[in-house]
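Have a look at the structure below, then the notes.
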Amino acid sequence: MGYINSVLRVNLTTGEISREGLNRKWADLYYGGKGLGIKYLYQELEPGTDPLSDGNKIILLTGPFTGTIVPCSGKLSVVTKSPLNGAALDCSVGGNIAGELKYAGYDMVILEGKSPEPVYLVIEDGEASLMEAGFLWGRGTLDTEKELLKLHGEGARVLSIGPAGENIIPYACLTSELYRQAGRGGAGAVFGSKNIKAVVVRGTGGVGVADMPGLLKAAQKAMREDLLTDTNLWAYTDGTPMLVEMSQNSGILPTRNFQQATFEGFESLASPSMQKARAGKKACLSCGLGCGNYTVKGAARVEGPEYETLSIGGSNCGIADLEAVVKFNALCDDLGLDTISMGSTIAFAMEMTEKGIKDLGLRFGDVSSYLEAPELVAFRKGKGMELALGVRGLSERYGGREFAMQVKGLEFPGYEPRGSWGMGLAYATAPRGACHMSAWPVAEEAYGERDPYTVEGKAGLVADLQHYNALKFSLILCDFWALSFDLMAELLTPILGREVAAGELELAGERIFNLLRLFNTREGFTGKDDTLPDRIFNQGLVGGPGAGKILPREEFTKMLGEYYRLRGWDANGIPEKDTLIRLELT
Amino acid sequence: MSIVKVDFRGPLTRYGNNDGSLSEYELPADSVVTVQDMLDKLGVPSHHVGLVAVNGQKAARSTVLKEGYKIILFPVVAGG
Ligand code: SF4
């Protein structure tokens, strides 16, 4: 129970569409979402597969909570091999499409091969077909979605790429419901490389659970006593824009390509300013929090901007103009670009100009060139050809590697590691590169009461958080709900109809994290890739509460060594045999 | 009379004035008052308070308040 036990497999090369059973043994060990996706990818992908070749696969997944009344369970997982860096990539997108997929009769969809012509996939109550998509090619995600809803009915849910995905920009994303993205790591480019423009889903079925009265009771209790309390309601009242002011006050707000960690113009991007521009709220399926904010500022409107866009596309580019950031966000969403990688790349280009390395016409604080960039990138026009390389690619071509803010090719999100040393370890060890979704120790260090400027205790903290998130994103629960393993187990028990223990879930989180490591190891990543840009080790922060702070390289190395030992990995960061046996990964 | 200004964010606004705007808190004349003392006095549950900013910088619960200080209380957050 909790699963449909059905997988849709679509071979885009031949057009063959088949249905198969869900691998229950894997579902027992990995549950769904991130974990189950990486298990399928690990088993099915030839090592060394070019992410943009027909050998790569895209897996769309739900989890055991999807489509039930469990709150905050509405996200869809997307798993593939990243075109940005060749690492395992998983990301998720909010909205309603995950529930719709289960109601249409599938736990997951595997897209493989490469279509000779642009197509989109339609799944309608168990039936699936590929449709010609030439008329959508070149169109933005907003337009694409509206067109597809006209054709397939307003009740359908759409996941699509914009021109950036079609033109295989390595940081192209997927969009659903106009403004929700599976943002990081370039899943949109994999769609584009396979000539698939969109997935449309319509389902009217349901999801069976083993013990409905038990689930009702558990879900109601979770809502009343946990979800809708002051521990989580910030997501509703403010959402992520609240973090702008918190980052400013704790000295971790990326500013001018991570040269500073406080921004003189932060107030125009902070939550009080966002609230004044708020035009409405939006929630994903089954969510009691509803963190989405519709924002209208001047002529610009978007659902968002989230903190990552306000910081990386705002302060980090020296932009203090909220209307400009809203516009930037809307442009990236429509073109199908990850705002974090796009913003980081612009910020890097701005500093390249400042340092006299290469002038791509971008200057800190200059709104007009900043707003031109996304379209040039998405269509690979003019300087967009260069910016499409991303931060690592640009630094390899022109120099500036010491301030190229990326790990394993993935650009930094909005948290300064010199002001949150555990976050430095999280960036260095996250499977997809500099990522805030693998672990988020800033809540305890920068925003909480743990000393942010020490490595003491951080290895264990980061490892625990990585297990927690790996499991949460496999059951598929939203990251904004700070629930315990115990509560997750209480909710899962009535769904599966067997007693689930918190310890089982914690261990599964560790298993999933290690499997991601095995995937990356097989692809040639080693401990040498678990590092940070030189700026973090050598250059003191300018101004703010962390003025002069670095993360000393020897302290980082000590923390990383401790982390490997705690994990049961060898000195090169490869899981030891005993670890694999303990985690049932042999 | 020594006054500090207190601002609340997120769900904590309910502990401020009715409209959630800036509140004023009067420091007792004859004793040392920390952030924690003020939270207790205002009846804000400590475990729901995350970051405390005093004059634009992160502060500790033990930070001593002085006349004219501006305090912002943020809730605990998760996710990112
Ligand atoms: S908190 Fe936000 S992102 Fe999370 S499930 Fe709710 S609406 Fe979606």
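May I ask you to say which residue of A:Leu491, A:Leu505 is away from chain B (no Cβ under 14 Å), within 16 Å of the ligand (Cβ to nearest atom), buried (at least 20 other Cβ atoms within 10 Å of the Cβ) and part of a helix (DSSP H, G or I)?
A:Leu491
Starting from residues that are in a helix (DSSP H, G or I) and within 11 Å of chain B (Cβ to nearest Cβ), keep the ones in the stretch A:468-480 and report whichever is most open to solvent (accessible area, probe 1.4 Å).
A:Tyr468
Can you pull out every residue in the stretch A:303-357 that is within 16 Å of the chain's Cα centre (by Cα) and more than 17 Å from A:Glu411 (Cβ to Cβ)?
A:Gly304, A:Asp333
Hey, could you check the stretch A:72-110 for residues that are more than 14 Å from chain B (Cβ to nearest Cβ), within 16 Å of the ligand (Cβ to nearest atom) and assigned to a loop (DSSP other than H, G, I, E, B) and say which is surrounded by the fewest Cβ atoms within 10 Å (Cβ to Cβ)?
The qualifying residue surrounded by the fewest Cβ atoms within 10 Å (Cβ to Cβ) is A:Asn96.
Looking at the stretch A:285-303, which of its residues are within 11 Å of the ligand (Cβ to nearest atom), more than 13 Å from chain B (Cβ to nearest Cβ) and touching a residue at least 60 places away in the same chain (Cβ under 8 Å)?
Within the stretch A:285-303, A:Leu285, A:Ser286, A:Gly288, A:Gly292, A:Glu303 meet the criteria.
Among A:Glu555, A:Glu584, A:Glu562, which is open to solvent by 70 Å² or more (accessible area, probe 1.4 Å) and either assigned by TED's automatic domain parsing to the domain that holds A:Glu504 or in contact (Cβ under 8 Å) with a residue 24 or more places away in the chain (or both)?
A:Glu584
I'd like the full set of residues that are at the interface with chain B (Cβ under 10 Å from one of its Cβ atoms), not in a loop (DSSP other than H, G, I, E, B) and not acidic (Asp, Glu), limited to the stretch A:237-258.
Hits for the stretch A:237-258 are A:Thr237, A:Met242, A:Leu243, A:Met246, A:Ser247, A:Gln248, A:Asn249, A:Ser250.
Could you run through the stretch A:212-236 and say how many residues are within 12 Å of chain B (Cβ to nearest Cβ), open to solvent by 10 Å² or more (accessible area, probe 1.4 Å) and in a helix (DSSP H, G or I)?
So the answer is 2.
Just to check your reading of the model, which residue among A:Gly67, A:Gly55 is under 22 Å from A:Arg9 (Cβ atoms) and within 16 Å of the ligand (Cβ to nearest atom)?
The match here is A:Gly67.
Might you check whether a residue that is part of a helix (DSSP H, G or I), within 14 Å of another protein chain (Cβ to nearest Cβ) and open to solvent by less than 40 Å² (accessible area, probe 1.4 Å) occurs anywhere in the stretch A:273-282?
Among the residues of the stretch A:273-282, at least one is part of a helix (DSSP H, G or I), within 14 Å of another protein chain (Cβ to nearest Cβ) and open to solvent by less than 40 Å² (accessible area, probe 1.4 Å), which makes the answer yes.
If a residue counts only when it is in contact (Cβ under 8 Å) with a residue 24 or more places away in the chain and surrounded by 23 or more Cβ atoms within 10 Å (Cβ to Cβ), which strands (runs of 3 or more DSSP E) contained entirely in the stretch A:112-170 have at least 1 such residues?
Strands (runs of 3 or more DSSP E) meeting the threshold: A:119-124, A:157-160.
Tell me which residues, restricted to the stretch A:447-467, are within 14 Å of chain B (Cβ to nearest Cβ) and either crowded, with 22+ Cβ neighbours inside 10 Å or among the polar types (S, T, N, Q) (or both).
Listed by number, the residues that qualify are A:Tyr447, A:Pro452, A:Val462, A:Gln466.
Within the set of pairs 6 or more residues apart or between chains, which connect a residue that is in the same structural domain as A:Glu154 (by TED's automatic domain parsing) inside the stretch A:81-106 to a residue that is part of a helix (DSSP H, G or I) and within 16 Å of the ligand (Cβ to nearest atom) with Cβ atoms less than 8 Å apart?
Close Cβ pairs (under 8 Å, with a partner that is part of a helix (DSSP H, G or I) and within 16 Å of the ligand (Cβ to nearest atom)) amount to A:Asp90/A:Gly33; A:Asp90/A:Lys34; A:Asp90/A:Phe473; A:Ser92/A:Gly33; A:Ser92/A:Lys34; A:Ser92/A:Phe473.
Looking at A:Phe473, A:Phe480, A:Phe485, which is the one that is away from the ligand (no atom under 16 Å from the Cβ) and among the aromatic types (Phe, Trp, Tyr)?
A:Phe485
Can you tell me how many residues in the stretch B:55-75 are more than 19 Å from A:Gly419 (Cβ to Cβ) and either open to solvent by less than 50 Å² (accessible area, probe 1.4 Å) or within 16 Å of the ligand (Cβ to nearest atom) (or both)?
Looking only at that region, the number is 5.
When you scan the stretch A:417-430, do you find a residue that is assigned to a loop (DSSP other than H, G, I, E, B), open to solvent by 10 Å² or more (accessible area, probe 1.4 Å) and polar (S, T, N, Q), even just one?
no
Could you look through the stretch A:259-272, keep only residues that are part of a helix (DSSP H, G or I) and farther than 30 Å from A:Ile97 by Cα, and pick out the one that is least open to solvent (accessible area, probe 1.4 Å)?
Among those that are part of a helix (DSSP H, G or I) and farther than 30 Å from A:Ile97 by Cα, it is A:Leu269.
Output the residues belonging to the stretch A:243-278 that are within 16 Å of the ligand (Cβ to nearest atom) and of a type in the set (A, V, I, L, M, F, W, C).
A:Leu243, A:Met274
With the structure loaded, tell me whether A:Leu483 is in the same structural domain as A:Ser438 (by TED's automatic domain parsing) and open to solvent by less than 10 Å² (accessible area, probe 1.4 Å) or whether it fails that test.
yes
Within the stretch A:324-338, which residues are within 16 Å of the ligand (Cβ to nearest atom) and acidic (Asp, Glu)?
A:Asp333 - this is the single residue of the stretch A:324-338 that is within 16 Å of the ligand (Cβ to nearest atom) and acidic (Asp, Glu).
Could you list, in sequence order, the residues of the stretch A:304-323 that are open to solvent by 40 Å² or more (accessible area, probe 1.4 Å) and within 15 Å of the ligand (Cβ to nearest atom)?
A:Glu306
Quick check, is A:Asp50 among the charged types (D, E, K, R) and under 26 Å from A:Val407 (Cβ atoms)?
Taking the combined requirement at face value, the residue satisfies it.
The values are calculated or read from the model by the stated rules, or taken from the named source; none is laboratory data. For clarity, every value in this text was computed on a predicted model and none was experimentally measured. Methodologically, a virtual Cβ is constructed for each residue, glycine included, from the backbone with ideal geometry; neighbour enumeration extends over all protein chains shown. The area values use the complete protein model at the heavy-atom level, side chains included, leaving out ligands, DNA and RNA. Shrake-Rupley method; radii C 1.70, N 1.55, O 1.52, S 1.80 Å.
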